[in-house]
Structures are given as structure tokens and as C-alpha cells.
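Here is the structure we will look at, set down as C-alpha cells.
The values are calculated or read from the model by the stated rules, or taken from the named source; none is laboratory data. It should be emphasised that the depicted structure is a prediction, and the values quoted were computed from it without experimental measurement. Note: ideal-geometry Cβ built from the backbone for every residue, glycine included; neighbour counts use all protein chains shown. Protein only, heavy atoms only, side chains kept; ligands, DNA and RNA dropped before computing areas. Shrake-Rupley method; radii C 1.70, N 1.55, O 1.52, S 1.80 Å.
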Amino acid sequence: MGSEAEASRGGWSRRRFVGTLGGAAAATALAACGTASETSKTPETAGARARQPTPDASPQTSRKPAGSGPRPLYIGTYTSPEDGGKGIGLATYDSATGRIIGTGTLTDVDDPSYLAVHPNGRTLYAVNEREKGAVTAVRRSDRRILGSSATGGAQTCHLSVHPGGRWLLTADYGSGSVAVFPIDASGAPGERTDMVTHTSPAPGPGQQGPHAHQFITSPDGGHVLAVDLGTDTVYTYRLDERAGTLTEVAQAHTRPGAGPRHLTFHPGGRYAYLANEVDDTAAVCAYDPATGRLTVGRPQSTGSGKGTNYPAQFLVTANGSYAYLANRGHNSLARYAVEADGARLRLLGTVPVAGDFPRQIAFSPDGRLLFAANQRSGTVSVFHVDEKSGELRLAGEPFASPVAVCALPL
């Protein structure tokens, strides 16, 4: 975090070290909550249906009926810290109350800090955020690890599935590179078909190199976009869906030193919202589906005040009326009214996240619940979402999970 996100301590990138402070307290909280054994691989509740993701394959904006009974929840974590997780956390949640119950851990997956699911719901994908980055595929029905593939870069921090289900997209923070992998019939990633390292423009103020932080597909499916914190740039590529290769078609630049982290599209597909980690701002971006060109608007407040804060990620409600931003440091969720068909954000206020350092947020498939993975406190907070007013109401005590950095409710 901060102006030089690649500074290290004991071999750890600064983005990881800063976020894992307080891990010992998280481990203590977990021991007290009575979750299942760490090595348990209890099958998910029978009858739970996999949800289908939106075109950008991110779990945050899908809106499918959740049904009744317990629903599956996967929790990404870091396994490298002494008090870190042991793999992918397994849990269920009640779609009405938001209550989470731990069911175990899927071990043998190293540093699974970000998770995504295949459009058919059968396969779970996890990054392996290590110096030699990789991605791992897990078959959901029996928790079998289908295989892993090296990304060719360092510290893989984000992945998504192209809407056709044939390609896996990854972003490597440490090397500032993005890559493409074919997905075979079993759901496993094959040999990498392309890799691009961001070399232009030069790194922004305080940065020593590029830091690719996200790689997603546009809502229209015509382009894939990579957000790079180190170069203050969002790159637009055209993906050859036959060969799995990338061709750059546009670049969008933030103001120097903004440090863009994550981009989330409005349901209308013509606007997107950018969380700028380094200078603690948000921005509305206009998107042209025909050319793939993104135009970054003026910086806006995150609602964090004067304290140290690193905005992490936006969510937008299915009706396009409200947006939420996770604030790490201020430890809040900023709430915005979305106006002018997505062209404007108006800050309504902030809500305490009931945890420390909300690294990632996600909606339940029906959009009625919002999950926040709080890295430093090692917890997952759940909020009820009021569709009409956009208000958030905490759904009980947060669930303890060591170094929780990603929550994927299905």
C-alpha cells in the first residue's frame, strides 16, 4: 500500500505485509468461534445451485435468485504468514439472515488471495499469490484440485473468467503482467497462450515498476481491461477468442500518482467506477464499447476524511442505483447514489465495516447481502442491502477467518 507498493520486508511485498498486521488477533478469534477442523473437506449442502456470473465473470455484480437454505461461501486468504490461513476457507451462509457457518478448509492451495468461479458454476479458480505466480482450479462437486498453471509473472493477485468460459485471465502485481490461459473441458487451465508486461507508460510517482492489479472483460464482451496501479493506467485489449492472444487497443491514464486498483462497470455498460488506491480517490469513467476506450473522470472523495486510507473496490447494485466502495484504513463502506444513468456518483456517507482493512467486497447472487473480507481483523462482515434506499445494515457479528482477503458467496 502507499506510494511504493513494491517495498518489501522479509521478502514480502508491502501490499501484503501492511494488510496482514493483526493476524495474531485474527487467529485467536478463529479459535474461539468453534469452526470445523482446518483440514475438513465436508461437501457443500446438497441442492445448493451454482450461480452464473455476469459477463465480466466477477462475482460481485451477479443477481440470481439465491433460493432457500444454506448457500456456499468460499474465503480467500494468505497461507504464508505464521498466523495465516491454511487454504481456501469453506463455509455456508443463510441467504435470509446472512449468518455464516464454517465447514472447513480446502488445503494444498498456496496463498489463494483471490477467487472466481466458472460461468457453469462447476469450477472454482484461485490465484497463488507468490513470487512465482500461478492459478489453481478446483472442481466444486468433490473439492478435487484439477491442476495449476504458472502465470509467468510474480504475485498473481487477480483472475477472472471470460464470459464464454473458454479463457482464464490473470493479473500479476509483482511483475506488472497479464496473461491468458485456455480452459479445458474439465475446467482446468491449460498452457498459457499469451502474456503481456506493461512497459509503457513509465511507472508513476513513487513506483518502481508496473503493478497489474485486475484483469476483466467489459460487459459487452468485446474487450478485456487491465488496471495497473504502478503505471497509473487502464489498458484495453482485444482478445482473440480462437488463439487466446491479446492486442492492445487503448490506454486510459489517471492523474499521476493515483494508483488505480479496481474497476467496476455500471449495469448499463457505458460507465465504470475506478478505485484509486494510492491517492485515496474514486473516479467515474466513460466507456466506448465500439473502441474499448475508457475516459477517466475527475477524482472524487471516498468519504475517508483526512486519515490514511486505501480504497479497494467498488460494487454496483443490479438496478444501477447505488454503488459501494470498500475503504481500508477508514474501515468503512462508502455509499454513493448513482445518477445520470451511471455518469455521476454522489457520496451519501459511510458505514463502519465492523472489521479492519476491508480488502474485497461482494454481493450475494440475489444482491440482498453484501460481504466484506477484512484482512487485518481476519473477519468477514455481512450486511443486508436495502434495494430501494441503498442503506446497509450489519447482519450480526462478523465471521472469523484468518487473514480474510476475499469472500465469494454463491
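Structure notes:
- Aspartates and glutamates whose Cα lies under 14 Å from that of LYS306, excluding same-chain neighbours fewer than 8 positions away: ASP279, ASP280
- Nearest-0.05 FRET efficiency for GLU191 and ASN120, computed from C-beta distance (R0 22 Å): 0.50
- Around the amide H of ASP184, modelled in the peptide plane, lie the amide H atoms of GLY190, all under 5 Å away and 5 or more residues distant in sequence or on another chain.
- Loop-located trypsin sites (Lys or Arg not before Pro) in the stretch 362-410, at most 15 other Cβ atoms within 10 Å (DSSP): LYS388
- Residues GLU339, GLU387, GLU129, ordered by accessible area of protein heavy atoms at a 1.4 angstrom probe radius and largest first, appear as GLU387, GLU339, GLU129.
- In this structure, LYS306 and ASP142 have a Cβ-Cβ separation that, at R0 = 60 Å, corresponds to a calculated FRET efficiency of about 0.75.
- Computed from the C-alpha gyration tensor, the three semi-axes of the ellipsoid equivalent to the stretch 202-337 are 24, 19, 11 Å, from longest to shortest.
- Multiplying the residue separation of GLU391 and ALA202 by 0.36 nm and subtracting their alpha-carbon distance yields 63.9 nm.
- Global geometry of the stretch 278-395, whether rounded, prolate or oblate, following the gyration tensor of its Cα atoms and the 1.5 cut on a/c: oblate
- Annotation for THR245 and ARG344: the two label points, set 7 Å from Cα along the Cα-Cβ direction, are 4.6 nm apart.
- Annotation: peptides 401-410, 205-214, ranked by per-residue average of other Cβ atoms within 10 Å with the highest first, follow the order 401-410, 205-214.
- Extension gain (nm, one decimal) between GLU82 and THR291, 0.36 nm per residue minus Cα-Cα: 70.5 nm
- Prolate/oblate/rounded label for the stretch 121-237 (Cα gyration tensor, a/c 1.5): prolate
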